[in-house]
Ligand SMILES: [Ca+2]
């Protein structure tokens, strides 16, 4: 994950800013609307520093993959009515992945 993270950290700052995060998701085929990605980014950026570290990035990826799987299995497209998964639900998602 660190290698991947460093690749996406295009300015070598040691953190991903919004632009780098959106570009990273797009490159990985996680084609969510930019507004959705930015919203999740800001949720993950607890201290408002404008960048996320490798751990936060890795947690966000888990959520995005989970959301995409949910979209594929339910046939729902992502829109304003889509459920908003909070970072605090990560533990629950881990359980969901293990039990399914
Ligand atoms: Ca950076």
Among the residues of region 40-55, are any assigned to a helix (DSSP H, G or I), farther than 22 Å from residue 13 by Cα and modelled with pLDDT of 90 or more? no
For residue 6, state whether it is away from the ligand (no atom under 16 Å from the Cβ) and part of a helix (DSSP H, G or I). no
Exactly one of 18, 43 is touching a helix residue (DSSP H, G or I) at 6+ places or on another chain (Cβ under 6 Å) and either within 16 Å of the ligand (Cβ to nearest atom) or free of Cβ contacts under 8 Å to residues at least 12 places away in the same chain (or both), and that residue is 18
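The values are calculated or read from the model by the stated rules, or taken from the named source; none is laboratory data. What you see is a predicted model; the values in this text were computed from it and never measured. FYI the Cβ positions are ideal-geometry reconstructions off the backbone, even for glycines, and counts take in every protein chain you see.
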